[in-house]
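Worksheet: one structure, shown below.
The values are calculated or read from the model by the stated rules, or taken from the named source; none is laboratory data. As the structure is a prediction and not an experimental result, all values here were calculated from the model. In this analysis, Cβ positions are derived from the backbone assuming ideal geometry, glycine residues included, and neighbour counts consider all displayed protein chains.
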Amino acid sequence: MSVRAAVIVAAAGSGRRMGSVNKAFLDLDGQPILMRSIRPFLADSRVCAVVVALDPATHDSPPSWLTSLDSRVSTVAGGTERDDSIRLALGAVPADVDVIVVHDAARPLVTPALIARAIDEAAAGRAVTAAVPLADTIHQVDGELRIVATPDRSGLWRAQTPQAFPAAMLRNAHEVAFRTGLRATDDASLVARMAGPVHVIEGNEENLKITVPADLHLARALLRTPET
C-alpha cells in the first residue's frame, strides 16, 4: 500500500533576530527562502499535501508565487507560538495521511535524501527527527554568567527538521498538550514527552536554520559551491 505523507511548514515566526523581518520571504539567490524550503518536499511523490502556517497578516494576503506553486500547497493562519501554529496546521492536514512531517521554513537547504529517509522511518512506525552530533563544548551558566556545569557532549545532538511522525502519534500528542497546557519548542520533544520514543536520524551541517543575517550569507555561499 502506498504511503501518503503531509508536510507542515512553520513560517509564522516574527523574525526578531533578523530585524523583525519574516525571514521566510527573504530572497536566497533568486528565490524566497520559503519556496526553497517547500520544493524538495513537493519532489517526493508520497507528499500529498503541504500546509504552510503563516502569520495572520501574510495569510490574509499571501504572495502569488505561494498560492500558485502547486495544487498540494495550502496555507493557514498560525498562532502566537510555534506549537500553536503546528496545532492549527494539523486541522488542515488530510485525515487519511499515514505520515506527518514538520519542517522549519527557515531551513531552505534540506535535501531530498533526508526527506525520503524521514518519511520512510515514520511510515515504518517510528517518530524521528533530523539532528547532528554536537561538536562544540557546551557550558551551563548561572545568572551571573559563571560556568556551573559542562555536560558531556558525546550524547548531545542539535535538533533540526524535518521531523516525521506516524500521523496519529503527532495528532494525539498535540491534542493532549493543548488540553494540559504543555508547551514545547519542537514536535520531537513534544512527542517524546507524550508518546515517545523519538529516534534521531543524522542530518547534515548544510541543513542550517537561517536565524541571523550571517546565516543568510552562509546559505548563499553553500548554494554557489559546486557539488563534488
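Among ASP70, ASP60, which is the only one that is modelled with pLDDT under 95 and acidic (Asp, Glu)?
Testing whether each residue is modelled with pLDDT under 95 and acidic (Asp, Glu) leaves just ASP60.
State the number of residues belonging to the stretch 95-113 that are under 8 Å from the mean Cα position of the chain (by Cα) and of a type outside the set (A, V, I, L, M). Here the count works out to 3.
Restricting the stretch 192-223 to residues that are in contact with a strand residue (DSSP E or B) (Cβ under 9 Å, 6 or more places away or on another chain) and over 25 Å from LEU170 (Cα atoms), the residue that is surrounded by the most Cβ atoms within 10 Å (Cβ to Cβ) is ILE210.
Of all residues in the stretch 88-113, which are surrounded by fewer than 23 Cβ atoms within 10 Å (Cβ to Cβ) and part of a helix (DSSP H, G or I)? Matches in the stretch 88-113: LEU88, LEU90, PRO112, ALA113. Only residues that are within 19 Å of ALA184 (Cβ to Cβ) and not aromatic (Phe, Trp, Tyr) were counted in the stretch 127-164, giving 13.
Where the second residue is surrounded by fewer than 20 Cβ atoms within 10 Å (Cβ to Cβ) and among the basic types (Lys, Arg) and the first is in contact (Cβ under 8 Å) with a residue 40 or more places away in the chain and within 18 Å of PRO162 (Cα to Cα) and lies in the stretch 71-100, which pairs have Cβ atoms under 7 Å and are six or more apart or on separate chains? Short answer, once both residue conditions are applied: ASP83/ARG183; LEU90/ARG171; VAL97/ARG4; ASP98/ARG4.
Matching residues to (1) at pLDDT 95 or above; (2) assigned to a loop (DSSP other than H, G, I, E, B); (3) not aromatic (Phe, Trp, Tyr):
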residue	(1), (2), (3)
SER154	no, no, yes
ALA168	yes, no, yes
ARG193	no, no, yes
ASN207	yes, yes, yes
